[in-house]
Amino acid sequence: MTAGAQDVPAVPAALQIPTRRVGAGWITALVVVHVGINIGFFAPIQVLLGLHAQQLDASQKNAILSLVTGVGAAVSLVANPLFGALSDRSTSRYGRRIPWVFCGTICAALALLLMSTAQTVSMLVLGWALMQAAGNAALAAIFAAIPDKVPVEQRGVVGGLVALGQTMGSLIGAVIGMVAAQDLVFGYAIVATAVALCSIPYVMMRKDVPLPKGALEPLKFGEFVKSFWINPVKHKGFGWAWLTRFMLYLGCQLCLVYLLYFLQDAVRYPDPAQGVLVLTAVYAFCVIFSSVISGKLSDKDGQRKKYVIISSVIVAAAALTLSLASTFPVAIAAAVLLGIGFGSYLAVDFALLTQVLPFADSRGKDLGVINIANSLPQVVAPLIAWLSVTWFGGYPTLFIISAIISLVGAVLVRQIKSVP
């Protein structure tokens, strides 16, 4: 070895690109904690918040639900990249991600218990904002753990299983919503318990690789704010991936934000909470099926973009079907299409995203910036939904807008040149 080579500092193990395949135990723990976090998100979003808003003021339920979900989503815009960046620099002996998973899930559970006591709109807004902050702290760490540990050739499969975790969280959340429709305090308590318990396997495995102290510069506020801007001209793949993810998530969110009220007011389903559960179960089965298969196929042929394009078109077809849904069977058909399309998208697009991350030493923050594309639609969608339903033609207009946005995302994904 030459003297010059000896002067080159070694890259810490925590920052190296992984080459060793991860085992079933670690993947299972990752999926379980992801299930728990998504129960915390989806049980309120799908049912509990809607019922809570209706309980507070039935005449203003749409406006209250839009306010609560919009504020929560705005909090997540900052929380996800912020906690991702903090986890990037954590030097705990337990690793970079585990402390944030543990603290985030415990604080999320406490926030849900606070929400159960809310007797005013302002208290409900506060509780959901705290839940979003804590939940996104855990979520940012979990997502960053994937490029930390999983080699590129295994990320399609792991991405598909993580999509399964999100879907199972959504399904279990709908079950809790139906069971607890008459007792919101009980519902929030079940959700809080699930969020906390599901983090235990991942935390107890202690599989994170610690980052040596001094390996990265301390986080400075000014530099952190500037780091939110990742030049889309210099990093074109990252920029286009962000934009296409925003478009598809916005399209999907427009289908889901008023689902409870859609079944109640447009379809006239006699038990809307039960209807949400049925549609979610159909959707979940299709997501599980399509995400695992698409993830394996994209790992095998390395062609990520074609699967993303096809899945975006299928999501658009689901939205158009919902625009025609005056009966529950038509809504079920739309749920099938949405599950197939979004399941394929979740598995393959996440693998694609991990291949366009610009910097190895800021995976948590960069994935946090990507997750703004997940969260920003939750801010925008309630406003678009409220305007569409209240002023511009009702639910058909809402779903047609969703279809158009999803199709635009399908077109734009072709601009990602760095990934096949």
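Condition check ((1) surrounded by fewer than 20 Cβ atoms within 10 Å (Cβ to Cβ); (2) under 17 Å from the mean Cα position of the chain (by Cα); (3) within 13 Å of H34 (Cα to Cα)) across all residues:
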| position | (1), (2), (3) |
| --- | --- |
| V158 | no, yes, yes |
| T167 | no, yes, yes |
| D183 | yes, no, no |
| P201 | yes, no, yes |
| M204 | yes, no, no |
| L211 | no, no, no |
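Taking the condition of being under 10 Å from V125 (Cα atoms) and more than 22 Å from the chain's Cα centre (by Cα), how many residues in the stretch 43-72 meet it? Here the count works out to 1. Checked against the criterion of being hydrophobic (A, V, I, L, M, F, W, C) and at pLDDT below 95, the candidates L126, L130, L139 yield just one match: L139.
Residues in the stretch 14-28: is at least one at pLDDT 85 or above, among the basic types (K, R) and closer than 30 Å to A281 by Cβ? No, there is no match, as no residue in the stretch 14-28 is at pLDDT 85 or above, among the basic types (K, R) and closer than 30 Å to A281 by Cβ.
The sole residue among I37, I45 that is surrounded by 24 or more Cβ atoms within 10 Å (Cβ to Cβ), modelled with pLDDT of 90 or more and not basic (K, R) is I37. Does the stretch 34-64 hold any residues that are under 22 Å from A373 (Cα atoms) and either of a type in the set (F, W, Y) or touching a Phe, Trp or Tyr at 6+ places or on another chain (Cβ under 8 Å) (or both), and which are they? Within the stretch 34-64, F41, F42, P44 qualify.
Filter the stretch 268-302 down to the residues that are surrounded by fewer than 20 Cβ atoms within 10 Å (Cβ to Cβ), over 23 Å from the mean Cα position of the chain (by Cα) and over 23 Å from V35 (Cβ atoms) and list them by number. R268, P270, D271, K300, D301, G302 - these are the residues of the stretch 268-302 that are surrounded by fewer than 20 Cβ atoms within 10 Å (Cβ to Cβ), over 23 Å from the mean Cα position of the chain (by Cα) and over 23 Å from V35 (Cβ atoms).
The values are calculated or read from the model by the stated rules, or taken from the named source; none is laboratory data. Quick caveat, the model's predicted, so the values are computed rather than measured. In this analysis, Cβ positions are derived from the backbone assuming ideal geometry, glycine residues included, and neighbour counts consider all displayed protein chains.
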